[in-house]
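Structure first, then comments.
What follows is calculated from the coordinates using simple rules that are stated; it is not laboratory data. All of these numbers come straight from a predicted model, not from anything done at the bench. All Cβ positions, glycine included, derive from the backbone under ideal geometry; neighbour counts span all protein chains shown.
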Amino acid sequence: MSGDQERDAALSQAVRLREQGQTERAREELVALAQRYPQDTEVAYQAGWAHDVLGLEAEAVPFYERALSGPGLSEEDRHGVFLGLGSTYRVLGRFELSLRTLRGGLAEFPQDPALQAFLAMALYNAGQGREAVQTLLKTLTASSADLRVRSYRSAIDHYAEDLDAME
């Protein structure tokens with residue numbers, strides 16, 4: 001088996017373990033893989049995710065940062081890194097880094113509702129409640145399939161721009 005095939009098989013096995021709820025074993029295998037392939041962004045992302053799932057947010061950060069530092073991630077995985085790292089920074093109380101990361105994700109994935117929701121939480125935690133509410137309202141109107149929300153979209157969007165308006 002070639003090195004690439006060996007890496008792919010080991011990574012698939014570790015992801016499968018995580019998906020099956022064997023998160024500690026998956027984390028151990030992913031840490032070993034990350035040591036073996038230190039420049040591999042996909043391995044780094046999966047290692048970050050495994051730490052995150054176990055509530056080891058501080059340990060997840062370097063893996064997520066490594067995953068964003070180079071090429072090689074699929075679009076879906078890159079989105080996942082922005083979300084995972086932004087959320088992890090928020091949980092750790094590193095609000096400015098959270099905002100920067102989530103906004104970076106939105107620069108690549110504009111109007112993504114999941115990134116917007118996590119941005120709103122980070123904004124709230126950073127003391128920017130007005131922008132948090134605006135972000136949530138705009139995300140709601142842009143992504144909701146609910147007929148009532150859709151019928152009031154223009155009014156909700158209007159008031160999102162001026163939360164103090166009473167007209």
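How far is helix 75-91 tilted off the main Cα axis of the chain, in degrees rounded to 10, range 0 to 90? On a 0 to 90 degree scale, this one is about 70. Normalised size of the range 55-167, defined as Cα radius of gyration per 2.2 N^0.38 Å with N residues, equals 1.18. Tell me, rounded to the nearest percent, the portion of alpha carbon pairs in the range 1-73 spaced more than 19 Å apart. Every Cα pair in the range 1-73 considered, those over 19 Å come to 26 percent. Can you tell which of 19, 42, 65 shows the greatest fluctuation in a Gaussian network model of the chain with Cα springs below 10 Å? Maximum among the listed residues: 19. Panel order for 159, 152, by other beta carbons found within 10 Å of each beta carbon, from fewest to most: 152, 159.
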